[in-house]
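In what follows, a single structure is set out as structure tokens and then discussed.
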Amino acid sequence: MIELLYWTTPNGQKVLIAAEEFGLPYKITPVNISKGEQFDPEFLKHSPNNRIPAIIDHAPADAQGPLAVFESGACLEYLADKTGQFLPKAPRPRFEVLQWLYWQMGGLGPMAGQAHHFIQYAAEQHPYSIDRYVKEANRLYGVLDRRLARAPFAGGAEYSIADMAIYPWIYRHERHKQDLNDFPNVKRWYESVGARPAVVKAYEIQDSINTTPTVSQESHALLFGQTAQLPKV
């Protein structure tokens, strides 16, 4: 049994998609970040960065008790290795997938997330910041578009954990002020991945778990502007 410590963000969504794709028995433990549940000591035992998602494998291969993994990319890689799916074993195709997984983790996610933040959530509109991150998101969409001109999927010929990682961020393209008509290869890929039954199911689950906006006036301080001092919730 895989326990998914989850909330309805792009990073949470990528691991929910993976759980559906891998076909492993799993259960969701919601961690409502708008209420500060990510600072609960029990959650921090599994995810010391106080971010979702994390997974707990209650039946790991070493049979030495539950094994927790945090960071969404590490969760995807762990599940792929556990099941032998969606991540090749041979070095060349394996690292073809992993480099695009890490591209999402280090580039697309942080940059698109900053664009969304300054557009949607900043207390004051800051034109320089918006312009900076919208343009960087645009550059990264272009990188992906050129990649997908050469291969049907981000990691190459086959659908992989790289696609699972990237899709939830492209799903929010309008929040990054990006038009998929400007990126025809991304649009083709986006429609193909979005039609997969596991992806459809994951978004149905998302909609059933979070029925109110995560970011509110009350939750703003919990979600943004954190320091080394953990907040009291």
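The values are calculated or read from the model by the stated rules, or taken from the named source; none is laboratory data. For clarity, every value in this text was computed on a predicted model and none was experimentally measured. Backbone-built Cβ (ideal geometry, glycine too); neighbour counts: all protein chains shown.
Computed values, structure above
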| quantity | calculated |
| --- | --- |
| Subset of region 47-63 that is of a type in the set (G, A, S) and assigned to a loop (DSSP other than H, G, I, E, B) - its residue that is nearest to the chain's Cα centre (by Cα) | S47 |
| All positions within region 129-152 that are among the aromatic types (F, W, Y) and within 15 Å of N181 (Cα to Cα) | Y141 |
| Within region 139-157, tally of residues that are surrounded by fewer than 20 Cβ atoms within 10 Å (Cβ to Cβ) and either at pLDDT below 95 or in contact with a His (Cβ under 8 Å, 6 or more places away or on another chain) (or both) | 0 |
| So F118, is it farther than 30 Å from S219 by Cβ and not aliphatic (A, V, I, L, M) | no |
| Which listed residue is in contact (Cβ under 8 Å) with a residue 24 or more places away in the chain, over 25 Å from I205 (Cα atoms) and assigned to a helix (DSSP H, G or I), from E96, E21 | E96 |
| Region 168-206 - residue that is of a type in the set (D, E, K, R) and without any contact (Cβ under 8 Å) to a residue 24 or more places away in the chain and, of those, farthest from R150 (Cα to Cα) | E204 |
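The rows are residues; the columns are (1) free of Cβ contacts under 8 Å to residues at least 60 places away in the same chain; (2) out of contact with any Gly (no Cβ under 7 Å at 6 or more places or on another chain); (3) in a loop (DSSP other than H, G, I, E, B).
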position	(1), (2), (3)
T8	no, yes, yes
I17	no, yes, no
F43	yes, yes, no
A80	no, yes, no
L101	no, no, no
Q114	yes, yes, no
